[in-house]
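Contents: one structure, followed by commentary.
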Amino acid sequence: MNIRPGTIQLLGLPQDNNSSYLTGPGKAPQRIREAFFCDSANLFTESGFDLGDKTLWADAGDVALENLEGQQAFDLIFERVGALIAAGHPVLSLGGDHSVSYPAIAAHAQTNPGLNILHIDAHPDLYDDMLANPFSHASPFARLMEGGRIGRLVQVGIRTLNAHQKAQAERFGVEIHHMRDLSGVADIRFEGPVYLSLDLDALDPAFAPGVSHHEPGGLSTRQVLDIIEGFGGTLIGADVVELNPLRDQNDVTAMVAAKLVKELMGRMLRA
Ligand code: MN
Ligand code: MN
């Protein structure tokens, strides 16, 4: 079936073998889809788009990552995301742990040199090295910044900056809105295309308990929704990562993830 260019493609990236602490996010894409279509909610975005309209988005399925790791997994994600972009589709990826964002964003940066990244997370994910795994979910933004194709990297919700990652942030010129001072967040503006990478552990564990790394003192669901809707710039791609269904309670985090996916779609449709 030919899908009209411009149709948002939802792409599952069920990989969790680059996680440093727990596995589980590999089961997330299917849980987010189930929550997305749960009969407890309708398919309208807050901005008024009806996501029941099948001309607005399509499900591209999951990338077959089951038996892949390292460079092989990177290459397959890069290729699949790149092919959707080349066909004219905005891509919204469902992790997986945060390692999947490295190839997904690299594919976007290849066709959009100087791509800006808005990264919402408890963690800066800037480790030069974590457990000797260059593809670690703690390192995707170090790898991306080393690649030289990224414009600005703006991080929101950070509350775990250690000395090493502080040095990495300074090395790469990362702009950090720490959780303890969100005063500038309402004024985030970009020139040119923006990719939004959303790690669900940016939210307070009270709102999103189904993540591998509980980091108290985080964002509310409403604050994340306000950032998605409020930043200045053109959203061309996004991901929602790090749902761990094995840690969820009554599917509350899966519902949060599905809600954020809906509103990210709404923001993409506005562009
Ligand atoms: Mn995180
Ligand atoms: Mn992360």
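Assorted remarks:
- Qualifying positions in the range 117-140 - among the hydrophobic types (A, V, I, L, M, F, W, C) and touching a residue at least 40 places away in the same chain (Cβ under 8 Å): 117, 118, 120, 122, 126, 130, 131, 135, 138
- Scanning the range 257-270 turns up no residue that is in a loop (DSSP other than H, G, I, E, B) and within 24 Å of residue 18 (Cβ to Cβ).
- The set of residues from the range 45-79 being assigned to a helix (DSSP H, G or I) and either open to solvent by 70 Å² or more (accessible area, probe 1.4 Å) or basic (Lys, Arg) (or both) comprises 71, 72, 75, 79.
- Residue list for the range 105-130, restricted to those being within 16 Å of ligand 1 (Cβ to nearest atom), over 14 Å from the mean Cα position of the chain (by Cα) and open to solvent by 10 Å² or more (accessible area, probe 1.4 Å): 127, 130
- Any pair with Cβ under 8 angstrom, 6 or more apart, that starts in the range 239-251 at a residue that is touching a residue at least 12 places away in the same chain (Cβ under 8 Å) and closer than 27 Å to residue 106 by Cβ and ends at one that is within 12 Å of ligand 2 (Cβ to nearest atom) and among the charged types (D, E, K, R): 241/97; 241/199; 242/97; 242/199; 242/201
The values are calculated or read from the model by the stated rules, or taken from the named source; none is laboratory data. The model shown is predicted, which means the values in this text are computed figures rather than measured ones. Reconstructed Cβ throughout: ideal geometry from the backbone, glycine too, with neighbour counts over all protein chains shown. For the accessible areas, the whole protein counts, side chains as well, though only heavy atoms, and no ligand, DNA or RNA atoms are used. Shrake-Rupley method; radii C 1.70, N 1.55, O 1.52, S 1.80 Å.
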